[in-house]
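Some notes on the structure that comes next.
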Amino acid sequence: MYSRQIEGQDFTFGVSGRLYKSNVLLYDHQTDSLWFQLMQKAISGPLAGKKLQKIPSTRTRWQTWQHRNPNTQVLSDDTGYNRNYAIDP
């Protein structure tokens with residue numbers, strides 16, 4: 001996972017549909033630069049050569065997470081509204 005902030009500016013990213021070395025390239029909506037995830041940097045466009053900053057993350061079992069973080073709140077689909085949240089509106 002990477003930060004969307006580059007040199008103090010927030011960026012939003014999308015999937016370009018292009019491949020580079022068999023890996024999907026991202027693009028940023030602000031400059032259309034192409035980003036190679038494996039190298040953590042832009043490979044073309046105005047931000048070519050700029051690096052993405054990694055955000056630490058972890059993969060764990062829910063029970064382990066709950067034990068270590070007892071105040072965690074979880075988003076629920078029990079909202080009080082009669083709506084099927086399993087389908088995309």
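The values are calculated or read from the model by the stated rules, or taken from the named source; none is laboratory data. These numbers were taken from a predicted model, which means no experiment stands behind them. Virtual Cβ from ideal backbone geometry, glycine too; neighbours counted across all protein chains shown.
Looking for whichever is small (Gly, Ala, Ser) and either modelled with pLDDT of 95 or more or touching a Leu at 6+ places or on another chain (Cβ under 9 Å) (or both) here; the options are Gly17, Gly8. Which one fits?
Gly17
Return the residues of the range 1-19 that are outside any loop (DSSP other than H, G, I, E, B) and farther than 13 Å from Gly45 by Cβ; say none if nothing qualifies.
Answer for the range 1-19, where residues must be outside any loop (DSSP other than H, G, I, E, B) and farther than 13 Å from Gly45 by Cβ: Tyr2, Gln5, Gln9, Asp10, Gly14, Val15, Gly17, Leu19.
Condition check: out of contact with any helix residue (DSSP H, G or I) (no Cβ under 6 Å at 6 or more places or on another chain), part of a loop (DSSP other than H, G, I, E, B) and free of Cβ contacts under 8 Å to residues at least 60 places away in the same chain. Does Thr31 satisfy that?
Yes: the conditions hold for Thr31.
With the condition kept exactly as written, say whether any residue in the range 57-74 is touching an Asp or Glu at 6+ places or on another chain (Cβ under 7 Å) and modelled with pLDDT of 90 or more.
No, the range 57-74 has no match at all.
Restricting to the range 56-86, what's the tally of residues that are surrounded by 10 or more Cβ atoms within 10 Å (Cβ to Cβ) and either of a type in the set (D, E, K, R) or closer than 30 Å to Tyr20 by Cα (or both)?
2
Residues checked against (1) assigned to a loop (DSSP other than H, G, I, E, B); (2) without any contact (Cβ under 8 Å) to a residue 12 or more places away in the chain:
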{"site": "Leu38", "(1), (2)": "yes, no"}
{"site": "Gln63", "(1), (2)": "no, yes"}
{"site": "Leu75", "(1), (2)": "yes, yes"}
{"site": "Asn82", "(1), (2)": "yes, yes"}
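So which of Ala48, Ala42, Ala86 ends up being at pLDDT below 95 and either touching an Asp or Glu at 6+ places or on another chain (Cβ under 8 Å) or not in a helix (DSSP H, G or I) (or both)?
It is Ala86.
Just to check your reading of the model, which residue among Leu75, Leu38 is farther than 17 Å from Gly14 by Cβ and within 15 Å of the chain's Cα centre (by Cα)?
Just a single option satisfies the conditions, and that option is Leu38.
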